[in-house]
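The values are calculated or read from the model by the stated rules, or taken from the named source; none is laboratory data. Given the structure is predicted, the values throughout are model-derived calculations rather than measurements. Positions of Cβ are generated from backbone atoms using ideal geometry, with glycine treated the same way; all protein chains shown enter the neighbour counts. Each accessible area value is taken on the protein alone, full model and side chains, heavy atoms only, with ligands, DNA and RNA left out. Shrake-Rupley method; radii C 1.70, N 1.55, O 1.52, S 1.80 Å.
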Amino acid sequence: MAPVYASPCDDSLMLLWHYELNTPMGLMRAAFDGRGRLLELVLAAFDPRQTSPLPPREQREAKRFLDRQVEAYLRGTLRTFTVPLDPQGRPNELLVWDTVRTIPYGQTRQPADLAAWLGLDEDLIVMACVANPITLLIPSHRVILPGDGPLPRALRDLESGLGWRNP
């Protein structure tokens, strides 16, 4: 999923969700409105300024900074992200995400540990980790969740020194 663009429309705010699709025709971009209706499907070779807003220079630089940090993390040479974050969530989710960010690289915690530390129900911890809007930088993979998938396990393996392996 790509960034959300907000555009004025009939005195309301329309959210557009942009996706990239790898097709036999080549890379395509799709835009859906907040209700899941397709608004745009174009070949990526087209000028994106004709179909979506071109992000300002600061946004492009922020994206390149994030690219470099993610690449370094996956190479095993970065342990602490310094990209500014502004996750949006409920107060309990924000509290859990702030706490998850304090779990050191290569270490893990159980939801029960965080629940006891924060004085929250364990289910709230699990739900907040699942709802995490900023994968990697809010390292919910360091919380061992019931039914963990292959990606959190691959990230824990990376942090334990085994290197990155696609799950």
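Spot the failing condition for residue 143; the list is (1) open to solvent by less than 30 Å² (accessible area, probe 1.4 Å); (2) closer than 26 Å to residue 63 by Cβ, and only one is missed.
(2) is the only condition that residue 143 fails.
Please note which helices (runs of 4 or more DSSP H) are completely contained in the range 90-167 and include at least 2 residues that are in contact (Cβ under 8 Å) with a residue 24 or more places away in the chain.
Hits in the range 90-167: 91-100, 111-118, 122-130.
How many residues are under 18 Å from the mean Cα position of the chain (by Cα) and open to solvent by 20 Å² or more (accessible area, probe 1.4 Å) if we restrict to the range 116-136?
Final tally of qualifying residues: 9.
Name the residue that is farthest from residue 61 (Cα to Cα), counting only residues in the range 73-97 that are open to solvent by 50 Å² or more (accessible area, probe 1.4 Å) and in contact with a Pro (Cβ under 9 Å, 6 or more places away or on another chain).
94
Kindly check whether there is at least one residue in the range 149-156 that is at pLDDT 95 or above, on the phi < 0 side of the Ramachandran plot and not basic (Lys, Arg).
Taking every residue of the range 149-156 in turn, none turns out to be at pLDDT 95 or above, on the phi < 0 side of the Ramachandran plot and not basic (Lys, Arg).
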